[in-house]
Amino acid sequence: MCPESNGVSGISWLGNPIDARALFGQELRSLLDTLRGLTPSDWSRTAAGRWTVHDVAAHLLGDYYGRLGHGYRNGFADGETLEAFIHRTNQEWVELHADDSPASLIDALAAAGIQLAQRFATANLDTPALGVSWAGADPASAWLDIAREFTEHWTHRQQIRHAIGRDTDPEPRALAMVLDTFMRALPHTLRRTSAPIGAQVQVIAEGPAGGGWTATATADRWSLSEAPSGRPTAVVLLDTETVWRLSTRNIDPADALSRAHVQGDRRLAEAACQIVSISTDPTLASPASTVPDTNSASDGHRHHAFNFSSQRTS
């Protein structure tokens, strides 16, 4: 059996819905605290590929504006792919704001971030949303789209922290949400990995914010909705730092495997370690980069995935 993940109307195979709505306010406060504590020279430090801390902050502002419906992307160039369009307009936005003062960026992020957190707080998690490509969900429910957006904000903040010499923020509630969201990519990661029906691959993230996720081979696809039964066919144990860095391609699968404790079927374990929970921007990639850009290519138009004005409190 070689499960695929297309042509489905629901996403129950991605497991129980998760609710990131209440986390955006604290994430914004953490970001603003970090930015307000930067020295003038910190803003020019490299944070993601060729992007500086200032660039990443400006990019986050663009994410906020996009979600609020303040469109800034122009039309497609002749022959331009969606991926190229998103990467080009991301870069154009960053360049447009290159001369913004740190104070003005912080003020704009605070104003837009508060609006966005308020809108997410009342979003209906069951509203259909545009696809999340790395999870193989198209369309997706708003709960996944909103959780995906939270991981982007969190990951960009870690880029800034790392650029100024700080470690990953260990706050467990946010990190647990990020890991749980990233692991929703596991069935899609395994979609072309053949295994007998009932085979199970378990990924365990060890640490205070960790957890375990079990993908089961069913007749149609790999699924996170099936309960673990007996001994998994393969188990991959990783620390939480390695899991999120692997999922964002801050480290590659071979590096992750060298840090992992693997039990059972090595082939399935290696397949699980191919997980990617973002769509990377090649213009930001460099050997010295921290975490690749999380503004997805195929998901770049996700900012208009659902109309907040028509939502109700769930």
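All of the numbers you see were taken from the coordinates with simple rules; none came from a lab. This structure is a prediction, so every number in the text was calculated from the model and none was measured. Positions of Cβ are backbone-derived with ideal geometry, glycine not excepted, and every protein chain shown enters the neighbour counts.
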Given N residues in the range 91-140, what is its alpha carbon radius of gyration divided by 2.2 N^0.38 Å? 1.63
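Is the shape of the range 24-170 best called rounded, prolate or oblate, per the rule: a/c under 1.5 gives rounded, else a/b larger than b/c gives prolate, else oblate, with a ≥ b ≥ c the square roots of the Cα gyration tensor eigenvalues? If you can, show how the numbers build up before the last one.
On the way: a/c = 1.69, a/b = 1.25, b/c = 1.35.
Judged from the Cα gyration tensor, the range 24-170 comes out oblate (a/c at least 1.5, b/c at or above a/b).
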List, in order, the whole-Hz ³J(HN,Hα) value for each residue of the range 267-272 obtained from phi through the Karplus relation with A = 6.51, B = -1.76, C = 1.60 and θ = phi - 60°; use x for Gly and Pro. 4, 5, 5, 5, 5, 4
Along the charge dipole of the range 64-138, pointing to its positive end and built from +1/-1 on Cβ of Lys, Arg, Asp and Glu, which listed residue (ILE114, ALA103, GLY136) has its Cα farthest out? ILE114
Taking 0.36 nm per intervening residue step and subtracting the Cα-Cα distance, what contour gain separates GLU206 from ALA227 on full extension? 5.6 nm
Can you tell me the Rg and Dmax of the range 97-221, counting just the alpha carbons, in angstroms? 17.9, 58
Once label points are set 7 Å from the Cα along Cα→Cβ at both ARG266 and ALA121, what is their separation, rounded to one decimal in nm? 5.3 nm
Could I have the simple spin-label model distance between ILE197 and ALA219, label points 7 Å from Cα toward Cβ, reported in nm to one decimal? 0.5 nm
Quote to one decimal, in nm, the extra length available between LEU68 and GLN26 on full extension: 0.36 nm per residue of separation minus the C-alpha distance between them. 13.3 nm
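So how do 191-203, 221-233, 153-165 stack up, highest first, on mean other-Cβ count within 10 Å?
Working: 191-203: 18.2, 221-233: 16.0, 153-165: 21.4.
By packing density, highest mean first, the sequence is 153-165, 191-203, 221-233.
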For ASP19, put the label point 7 Å out on the Cα→Cβ axis and report which residues of the range 86-126 keep their amide N under 14 Å from it. 120-126
Where labels lie 7 Å past Cα in the beta-carbon direction, separation of GLU92 and ARG166 in nm: 3.3 nm
